[in-house]
Every structure is written in structure tokens, then in C-alpha cells.
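So the structure is just underneath, and the comments pick up after that.
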Amino acid sequence: MPINILMPALSPTMEKGNLAKWLKKEGDKVKSGDVIAEIETDKATMEVEAVDEGTIAKILVPEGTQDVPVNDVIAVLASDGEDVKAAGAGAAKPTASSAPPPKAAEAPPAAAKPAPTPAPAAAAAAAPAPKAAATASQTNGHARIFSSPLARRLAKEAGIELARINGSGPHGRVIARDVEEAKSGKGLKAPAAAPAGAPSIAPSMSDKQIRALYEDGSYEVIPHDGMRRTIAQRLTASVQTVPHFYLTIDCNIGKLVQAREEINAAAPKDKDGKPAYKLSVNDFVIKALALALQRIPNANVSWTDGGMLKHKHSDVGVAVAMPGGLITPIIRKAETKPVSVISAEMKDFAARARARKLKPEEYQGGTTAVSNLGMYGINHFTAVINPPHATILAVGTGEERAIVKNGKIEVAQIMSVTMSCDHRAVDGALGAELIGAFKLLIENPVMMVV
């Protein structure tokens with residue numbers, strides 16, 4: 001019996017993805033664990049593995065297809081001993097949501113039919129009718145946008161969501177000319193309205209009102225891509241729904257800097273003279289925060305309406321800048337790992353994050369996070385909490401400052417850090433205990449190894 005290969009949900013919140021590339025073709029044999037395709041989400045490109053064994057009988061969704069809904073059938077697998085041709089011939093046609101539009105230069109064949117209109121009762125419930133009709137002409141039942149292959153490619157290269165482009169082709173189909181106009185800001189629809197109850201990310205002024213403040217030709221419109229829109233939605237929701245408060249403390253990292261230099265100098269080297277590791281101050285920050293959460297376990301929590309989640313391990317997310325935004329890969333059980341292991345994991349995460357090769361389980365969840373702008377010379381800032389975390393530590397640069405010690409002015413290496421806390425889960429005194437525990441550890445790095 002043929003086996004349907006479905007569009008996988010690569011994260012709990014994923015609703016659709018782009019089928020970037022097929023790594024197997026029709027007629028290829030596959031076994032469980034073989035990588036068969038690459039799927040793009042808003043944050044990463046991930047490999048999809050086969051679950052069953054058999055032969056690829058039919059590929060229903062070609063590579064390059066965008067916005068394929070989760071659980072749509074993307075290919076059919078003939079099981080061992082089954083007639084491959086028969087399995088392929090009997091394969092279900094792809095849903096309109098994942099099927100490419102008719103192959104024509106810029107318009108569908110004359111016989112192409114518009115999307116079905118709703119039954120009278122449904123139409124009455126979907127008033128106003130003109131707007132519903134306009135939507136139906138451009139999408140099908142799965143909100144798939146009708147567009148030419150050239151238009152889809154141009155939109156992807158320009159980072160423009162097809163759903164925001166007004167189509168001028170037959171039945172509202174998006175064509176290449178529409179994409180070119182959208183690049184200059186013409187013909188772009190307003191972002192889709194947020195679900196009921198969700199915080200709005202739209203500015204108080206409309207796009208048109210804001211543009212009217214500037215002379216034509218004095219700016220370039222750079223449409224938001226999926227990642228930037230997701231970041232905006234989540235951080236706006238965090239600021240509007242999470243009661244933040246902030247605690248700042250100065251840490252004397254003189255001992256840490258000295259210890260780091262000695263450890264790096266003693267690192268074993270390979271035959272080419274390359275050291276086995278090169279620790280950064282941030283590696284020690286991650287370790288210190290992880291241990292501080294173990295010392296103050298009541299702060300290692302996540303708020304839910306039903307109850308507090310008190311975590312056993314310190315899973316520390318670390319903000320990594322990447323083209324178009326940022327992502328937060330997570331060092332799992334950081335309290336159990338040597339600083340050298342943390343350093344190696346972070347280097348690997350950073351490289352794969354910038355290539356959009358992280359897996360969802362590598363950046364989702366976690367119990368706290370670190371955001372470090374010290375390398376940019378920033379000495380103090382506050383960071384926005386990334387739910388479900390209850391805390392995030394903003395780390396500034398280490399710099400020489402004058403301090404008073406035993407009544408005398410001395411020069412010391414000082415690093416300012418600011419802890420953002422979710423007041424629902426972490427009260428002021430508890431937050432102060434946590435940042436105090438961090439300060440003790442970061443100022444006395446030898447305590448991290450005992």
C-alpha cells in the first residue's frame with residue numbers, strides 16, 4: 001500500500017514551510033533515516049528524514065514551492081514489493097495549497113477556472129462580499145497565493161511575502177510586474193491583521209501616512225521577511241504582556257580576564273599550532289549564569305497560567321546575530337558542562353545559525369538567556385525577555401574604570417550587567433539574589449570548577 005509523505009511540522013508553532021530542495025528523485029530507493037528533502041521555515045533550513053522504507057513513486061510538490069501547509073501530502077512512497085508505477089499513478093493529486101500554478105509565461109491557460117465561490121450560506125457569513133470575492137480570486141481553500149513561477153522567484157529574492165502583493169493577472173494572480181512594483185512599495189497590502197486578542201504590531205500611523213512625511217525618492221522600501229515579522233510579533237507580545245523590571249550590577253572581572261588568558265595560553269595545540277579551544281568572556285558568562293540559577297532555583301522558572309514551571313537544569317539561550325534578525329540557540333544543561341565544551345558548542349551554533357541550519361530543538365525552549373553587546377563597546381543596555389523565559393541577562397563591555405577600594409582610588413576591569421525579570425515569576429528580592437549569585441561567580445571564576 002502506498003505511503004504518503006507529509007509536510008512535517010518542524011516546530012510546535014509551524015503552520016507552513018517552503019519546500020526548498022528534494023534530495024531524492026522519483027524512482028530512488030530510501031530507507032528510514034535517509035535525508036530526502038530540505039524545508040525552509042522563517043528561522044532555519046532543515047533536513048527531512050524518511051520514516052519508512054520504499055521507493056519514491058511520485059513527487060507531488062516540486063522543490064521551490066512556498067508556503068506548503070503542514071500535513072499536506074508532498075510525495076508518495078511505494079513500499080517494498082509494491083508496483084512503483086501503480087503507486088505513483090494512484091497518488092492523490094497535490095492540494096492546491098502545495099501545487100504550483102500552471103506553467104505559463106505570465107498567465108494561466110484559458111481553460112483555467114477561478115477558485116470556487118462559497119455556498120450562499122457561507123458567503124452571507126463572510127460579508128462584505130466584495131472583499132471576500134477578491135480574496136477568493138487570489139487564494140484557494142488553504143490560503144495559497146496564485147502566482148507565476150517567475151513571480152514567486154522574484155518575490156523570494158526580494159524578500160517580499162506574496163500574500164502582501166496585489167495581483168494584476170487573471171483572477172488576481174501575482175505576476176512578475178506586480179513584484180517589480182512591490183519592490184518600490186507600490187501595490188503592497190497592509191500586513192495581515194493579528195488574531196483576536198493578540199497584540200498588534202502595526203504602528204499607530206499607517207504605511208501611507210508615514211511615507212507621506214518623506215519626499216518621494218528619498219528612501220528605499222525594504223519589505224519585511226518572515227523572520228523579521230516573527231521577531232517583531234514575539235518581542236511586541238513580550239513587552240505588552242510580560243511585566244518587566246530591571247536590575248543592574250557592576251562586576252569586577254579582573255580575575256576572570258587573567259584566568260582566561262592563562263587557560264587559553266595552556267590550551268593544547270594540534271600539529272598546525274591551532275589551539276584546541278579559545279575561551280571568550282561570554283563562555284564564562286553562560287557558565288556563571290547557569291550555576292547561579294542552580295544556586296537560586298526559585299528563579300529558574302517559567303510562568304504559566306496554570307502554575308509555575310520550576311526547571312531542574314539551566315538551559316541557557318544565547319542571542320546570535322544573523323542576516324535579517326537574530327536567533328537564540330540553547331546550551332542545554334549548561335551547569336554540567338566545562339567552559340571549553342560551552343565554547344565549542346557556541347562556535348558551532350553561531351556558524352550554523354548564520355547559515356540557517358539550526359534545528360528547532362536547538363533554539364526553542366530554554367530557561368534563561370544571555371544577550372551580549374560588549375563586543376560593540378556597549379557598556380549598559382536592557383534586553384527584552386523571550387518567553388517562556390523569566391529572565392534575560394544583558395552583558396556590557398569590560399572596561400577599565402576608577403573604583404574606590406579601602407579608601408583609595410584604583411583602576412579595575414569592570415563589566416556592567418542588567419537582569420530583566422518577569423515580575424509574575426521572579427520578584428525583586430529573588431531577582432537580586434540571582435544577579436548577586438552571578439556576580440559572585442563571575443568575579444571568582446575558580447568557583448565555577450568546584
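The values are calculated or read from the model by the stated rules, or taken from the named source; none is laboratory data. On a predicted model such as this, the values are computed, not experimentally measured, just so you know. Backbone-built Cβ (ideal geometry, glycine too); neighbour counts: all protein chains shown. To get the accessible areas, we keep the full protein, side chains included, count just its heavy atoms, and leave off ligands, DNA and RNA. Shrake-Rupley method; radii C 1.70, N 1.55, O 1.52, S 1.80 Å.
Would you be able to tell me the number of residues in region 49-71 that are free of Cβ contacts under 8 Å to residues at least 40 places away in the same chain and farther than 19 Å from Lys31 by Cα? Quick ask: steps written out before the conclusion?
Step one: filter region 49-71 for residues free of Cβ contacts under 8 Å to residues at least 40 places away in the same chain, giving 49, 51, 53, 55-56, 58-60.
Filter again for farther than 19 Å from Lys31 by Cα, leaving 60.
Matching residues across region 49-71 total 1.
Hey, can you tell me all the residues within region 322-352 that are of a type in the set (A, V, I, L, M, F, W, C) and either touching a residue at least 40 places away in the same chain (Cβ under 8 Å) or in contact with a helix residue (DSSP H, G or I) (Cβ under 8 Å, 6 or more places away or on another chain) (or both)? Break it down into steps so the answer makes sense when it comes.
Here is the first cut: in region 322-352, the ones of a type in the set (A, V, I, L, M, F, W, C) are 322, 326-327, 330-331, 334, 339, 341-342, 344, 346, 349-351.
The answer is Met322, Leu326, Ile327, Ile330, Ile331, Ala334, Val339, Ile342, Ala344, Met346, Phe349.
Which members of region 396-419 meet the condition of being under 15 Å from Ala292 (Cβ atoms) and within 25 Å of the chain's Cα centre (by Cα)?
Those that are under 15 Å from Ala292 (Cβ atoms) and within 25 Å of the chain's Cα centre (by Cα): Thr418, Met419.
Checking Pro191 against (1) at pLDDT 70 or above; (2) surrounded by 15 or more Cβ atoms within 10 Å (Cβ to Cβ), only one condition comes out false. Which one?
(1)
From the list Thr45, Thr55, Thr65, exactly one residue is hydroxyl-bearing (Ser, Thr, Tyr), surrounded by 19 or more Cβ atoms within 10 Å (Cβ to Cβ) and out of contact with any Gly (no Cβ under 8 Å at 6 or more places or on another chain). Which is it? Even if it seems obvious, please write down each step before you answer.
Details: Thr45 fails: surrounded by 19 or more Cβ atoms within 10 Å (Cβ to Cβ); Thr55 fails: out of contact with any Gly (no Cβ under 8 Å at 6 or more places or on another chain).
Step by step, each of Thr45, Thr55, Thr65 is checked, and only Thr65 is hydroxyl-bearing (Ser, Thr, Tyr), surrounded by 19 or more Cβ atoms within 10 Å (Cβ to Cβ) and out of contact with any Gly (no Cβ under 8 Å at 6 or more places or on another chain).
Tell me, please, whether a residue that is hydrophobic (A, V, I, L, M, F, W, C) and either closer than 17 Å to Phe284 by Cβ or exposed (fewer than 15 other Cβ atoms within 10 Å of the Cβ) (or both) can be found in region 382-389. Walk me through it before giving the result.
Restricting attention to region 382-389, the residues satisfying the condition of being hydrophobic (A, V, I, L, M, F, W, C) are 383-385.
Right, trim to either closer than 17 Å to Phe284 by Cβ or exposed (fewer than 15 other Cβ atoms within 10 Å of the Cβ) (or both) and you get none.
No; the residues of region 382-389 include none that is hydrophobic (A, V, I, L, M, F, W, C) and either closer than 17 Å to Phe284 by Cβ or exposed (fewer than 15 other Cβ atoms within 10 Å of the Cβ) (or both).
Checking the conditions here, which among Ile39, Ile74 is in contact (Cβ under 8 Å) with a residue 24 or more places away in the chain and under 27 Å from Leu326 (Cβ atoms)? Spell out the reasoning first.
Working: Ile74 fails: under 27 Å from Leu326 (Cβ atoms).
The conditions single out Ile39.
Of the residues that make up region 414-430, is at least one of a type in the set (Gly, Ala, Ser), open to solvent by less than 30 Å² (accessible area, probe 1.4 Å) and touching a Lys or Arg at 6+ places or on another chain (Cβ under 8 Å)?
no
In this structure, is Leu393 in contact with a helix residue (DSSP H, G or I) (Cβ under 7 Å, 6 or more places away or on another chain), in contact (Cβ under 8 Å) with a residue 40 or more places away in the chain, crowded, with 21+ Cβ neighbours inside 10 Å and within 15 Å of Leu289 (Cβ to Cβ)?
On the way: in contact with a helix residue (DSSP H, G or I) (Cβ under 7 Å, 6 or more places away or on another chain): yes; in contact (Cβ under 8 Å) with a residue 40 or more places away in the chain: yes; crowded, with 21+ Cβ neighbours inside 10 Å: yes; within 15 Å of Leu289 (Cβ to Cβ): yes.
Yes: the conditions hold for Leu393.
So Val411 clears everything in (1) part of a strand (DSSP E or B); (2) surrounded by 14 or more Cβ atoms within 10 Å (Cβ to Cβ) except one condition, right? Which one?
For Val411, the exception is condition (2).
Quick one: is Ala267 small (Gly, Ala, Ser), open to solvent by 70 Å² or more (accessible area, probe 1.4 Å) and farther than 17 Å from Ile392 by Cα?
Judged against the criteria, Ala267 is not a match.
crowded, with 19+ Cβ neighbours inside 10 Å, of a type in the set (Val, Ile, Thr), modelled with pLDDT of 95 or more and in a helix (DSSP H, G or I) - does that describe any residue in region 294-308?
Checked region 294-308: no residue is crowded, with 19+ Cβ neighbours inside 10 Å, of a type in the set (Val, Ile, Thr), modelled with pLDDT of 95 or more and in a helix (DSSP H, G or I).
Which one of these does Ile249 not meet: (1) part of a strand (DSSP E or B); (2) open to solvent by 60 Å² or more (accessible area, probe 1.4 Å)?
(2) is the only condition that Ile249 fails.
Consider only pairs whose beta carbons are under 7 Å apart and that are at least six residues apart or on different chains; among these, list those whose first residue lies in region 278-290 and is assigned to a helix (DSSP H, G or I) and whose second residue is acidic (Asp, Glu) and open to solvent by 10 Å² or more (accessible area, probe 1.4 Å).
Close Cβ pairs (under 7 Å, with a partner that is acidic (Asp, Glu) and open to solvent by 10 Å² or more (accessible area, probe 1.4 Å)) amount to Ala290/Glu335.
Could you tell me which residue of region 16-32 is most open to solvent (accessible area, probe 1.4 Å), considering only residues that are over 26 Å from Ala350 (Cα atoms) and of a type outside the set (A, V, I, L, M, F, W, C)?
This residue is Lys29.
Could you please find all residues in region 9-36 being free of Cβ contacts under 8 Å to residues at least 40 places away in the same chain and on the phi > 0 side of the Ramachandran plot?
Quick first cut of region 9-36, residues free of Cβ contacts under 8 Å to residues at least 40 places away in the same chain only: 13, 23-25, 28-29, 31-36.
Gly33 - this is the single residue of region 9-36 that is free of Cβ contacts under 8 Å to residues at least 40 places away in the same chain and on the phi > 0 side of the Ramachandran plot.
Would you confirm whether any residue within region 336-354 is assigned to a loop (DSSP other than H, G, I, E, B), open to solvent by less than 60 Å² (accessible area, probe 1.4 Å) and farther than 24 Å from Ser11 by Cβ?
Going residue by residue through region 336-354, those that are assigned to a loop (DSSP other than H, G, I, E, B) are 337-338.
From what's left, open to solvent by less than 60 Å² (accessible area, probe 1.4 Å): 337.
Okay, now just the ones that are also farther than 24 Å from Ser11 by Cβ, so 337.
Yes - at least one qualifying residue is present in region 336-354.
Restricting region 358-381 to residues that are part of a loop (DSSP other than H, G, I, E, B) and within 21 Å of the chain's Cα centre (by Cα), which is surrounded by the most Cβ atoms within 10 Å (Cβ to Cβ)? If you could, list the steps in order and put the result at the bottom.
Of the residues in region 358-381, the ones part of a loop (DSSP other than H, G, I, E, B) are 358-359, 364-367, 373, 377-381.
Right, trim to within 21 Å of the chain's Cα centre (by Cα) and you get 358-359, 364-367, 373.
Details: Leu358: 25, Lys359: 14, Gln364: 17, Gly365: 16, Gly366: 22, Thr367: 27, Leu373: 17.
The residue in question is Thr367.
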